[in-house]
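The block underneath contains the structure these notes are about, expressed in C-alpha cells.
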Amino acid sequence: METSATMKVEDSMTKTAAGVSSSDTAAINWDSELQLVSSLAKLQELERRIHELRQLVPSNDVDSLDAQMNLLFDKPVGRSLDSADEASGTLDESTRTKMELVDGFISAWQNSDMKNVWTHVESEIKDSDSHVLQPTGMWERDYDVLLDDLLRAEKTKEHQHSLEKEAAERSQAQASAESWKSILEQFEKRNTRGVKASVISQVTPKLLMALLKTGMIFSIQGVQLPDAEGSTEWMVSISTVSKRAPSKIEESIMQHVNSRPRKWDLAFVMDMISSYSDLKQTVCTKCNQLTDNVAQLPILRRVQAIPPAKPEEEGFVFDALHASCA
Ligand SMILES: [Zn+2]
C-alpha cells in the first residue's frame, strides 16, 4: 500500500525537464533553465521530506507507545484480549506506514535522475573550492511552482508554433485554386489498396472515394467559407447505391470524419477516409480488440503525427479507437 505522501514524492521526483532522459547523463544541458529549475525542485522536495521524516517519532508517539504497551501487559478489568490485539495491530500499521515513507524517501534520493543531480552538485562544489552553494541556507524560491510555470510556458510555445505552422500550410493550400486536383493525383500515385478516388465535377471541387472492401462510398465536396480569404473546407457525406439510406455505422463514421481537425486539408481527409478501408479487420490501438464490450467496431481515428515528414509520399497515418477507449 502506498501512502498519499509517498505518491506525492514520487510524482514530484519524476517531473523531469523536457527532453532529458535520466540514463543519458552526457546529454544533460546544465545551462538550460528548465534543467536547473527541475533539479532544484527535486532537491527542495527532498529537503521537505527530510523535515517530514524528522517528525516520524515525536514525543506523543512515545506516549502512545507507552499507553499501548500498558494495554498489552496490564489488561485492566473489562478489557478483552481482542483490544490488546487491536492495539498491537494499530501499532504495526502505523510502523508500516512510516517505513513506507522512509523507503519512498530512500528510493527518491537514489533514483537515476537524482544521481545526475548529485554528480553535478559535487562537481560544482569541487569547482568552487568546496564552498557551499547556498550560503543563506534558505530556499528563496519555490522551485516546484517555478518548474510548473516553465513547463506550461514551454507547452504554450509548442502549441503556438504548431498553430503558426498550420496557418502557413493552410494559406499555401488556398493559394492555388487547382491544388485539390494535384492532391488527388498524389493520392492516386500512392495507390492506396482497396480505395478508388474519382473526380465528379471539374467545375466545383467534388470527388468520390469508394472503399471496395467495406462497400462504402464517400462524397467529398469543397465548400467555400464566407470569410475574406474565400477559403475552402471539405465536407464529407455518404453516397449510397440506389439511394438506400446510410447505415448506422456509415452515419457515425461520416459524423466523426466531419468533426476532424484540418478541415481545409484535402490530403488529410482522403487519408482519414482510406483508414476505414479495412474496417472489419482494424483493431483498436488501445485495447487491441476488434469489438468493444458493446459490440462496436473502433470507428474513431486519431492522426499519429501532424503532418508526416513527407505527406505527399507517406500520407497521414491514423490510429483506430473505440468510442469507449478514446
Ligand atoms: Zn478499444
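The values are calculated or read from the model by the stated rules, or taken from the named source; none is laboratory data. Bear in mind the structure is a predicted one, so any value in this text is a computation, not a measurement. Cβ placement follows ideal geometry from the backbone for every residue including glycine, while neighbour counts extend to all protein chains displayed. The protein model used for the area step is the full one, side chains on, heavy atoms only, and it has no ligands, DNA or RNA in it. Shrake-Rupley method; radii C 1.70, N 1.55, O 1.52, S 1.80 Å.
With Gln186, Gln202 as the choices, which residue is polar (S, T, N, Q), surrounded by 12 or more Cβ atoms within 10 Å (Cβ to Cβ) and assigned by TED's automatic domain parsing to the domain that holds His256? Walk me through it before giving the result.
Numbers: Gln202 fails: surrounded by 12 or more Cβ atoms within 10 Å (Cβ to Cβ).
None of the others qualify; the one that does is Gln186.
Condition check ((1) at pLDDT 65 or above; (2) in a loop (DSSP other than H, G, I, E, B)) across all residues:
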site: Ala17; (1), (2): no, yes
site: Val20; (1), (2): no, yes
site: Ser23; (1), (2): no, yes
site: Ser38; (1), (2): yes, no
site: Glu52; (1), (2): yes, no
site: Val57; (1), (2): yes, yes
site: Asp63; (1), (2): no, no
site: Asp66; (1), (2): no, no
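Can we say Glu169 is of a type outside the set (Gly, Ala, Ser) and surrounded by fewer than 11 Cβ atoms within 10 Å (Cβ to Cβ)?
Values: of a type outside the set (Gly, Ala, Ser): yes; surrounded by fewer than 11 Cβ atoms within 10 Å (Cβ to Cβ): no.
Answer is no for this residue.
Of all residues in the stretch 264-291 being part of a loop (DSSP other than H, G, I, E, B) and of a type in the set (Phe, Trp, Tyr), which is farthest from the ligand (Cβ to nearest atom)? Working first, answer last.
At the first step, the residues of the stretch 264-291 found to be part of a loop (DSSP other than H, G, I, E, B) are 264-265, 275-291.
Right, trim to of a type in the set (Phe, Trp, Tyr) and you get 264, 276.
Details: Trp264: 30, Tyr276: 16 Å.
This residue is Trp264.
Which members of the stretch 292-308 meet the condition of being within 15 Å of the ligand (Cβ to nearest atom), open to solvent by 50 Å² or more (accessible area, probe 1.4 Å) and either of a type outside the set (S, T, N, Q) or modelled with pLDDT of 95 or more (or both)?
To start, the set of residues in the stretch 292-308 that are within 15 Å of the ligand (Cβ to nearest atom) comprises 292-302.
Add one more test, that the residue is open to solvent by 50 Å² or more (accessible area, probe 1.4 Å), and what stays is 293-296, 302.
Val294, Ala295, Arg302 - these are the residues of the stretch 292-308 that are within 15 Å of the ligand (Cβ to nearest atom), open to solvent by 50 Å² or more (accessible area, probe 1.4 Å) and either of a type outside the set (S, T, N, Q) or modelled with pLDDT of 95 or more (or both).
Here is a check on your reading of the model: is Val236 buried (at least 16 other Cβ atoms within 10 Å of the Cβ) and part of a helix (DSSP H, G or I)?
Criteria not met by Val236.
Taking the stretch 241-251 as the region of interest, how many residues are open to solvent by 10 Å² or more (accessible area, probe 1.4 Å) and either within 16 Å of the ligand (Cβ to nearest atom) or not in a loop (DSSP other than H, G, I, E, B) (or both)? Step through it out loud before you land on a result.
Here is the first cut: in the stretch 241-251, the ones open to solvent by 10 Å² or more (accessible area, probe 1.4 Å) are 241-249, 251.
Subset that is either within 16 Å of the ligand (Cβ to nearest atom) or not in a loop (DSSP other than H, G, I, E, B) (or both): 241-243, 248-249, 251.
Adding up the residues that qualify gives 6.
Taking Met254 as the residue in question, decide whether it is modelled with pLDDT of 90 or more, in a strand (DSSP E or B) and open to solvent by 30 Å² or more (accessible area, probe 1.4 Å).
Details: modelled with pLDDT of 90 or more: yes; in a strand (DSSP E or B): no; open to solvent by 30 Å² or more (accessible area, probe 1.4 Å): yes.
When the stated conditions are applied, Met254 does not pass them.
List the residue pairs whose Cβ atoms are under 7 Å apart, where the first residue sits in the stretch 315-326 and is near the ligand (Cβ under 8 Å from one of its atoms) and part of a loop (DSSP other than H, G, I, E, B), the second is among the basic types (Lys, Arg) and modelled with pLDDT of 90 or more, and the two are 6 or more positions apart or on different chains.
Cys325/Lys286
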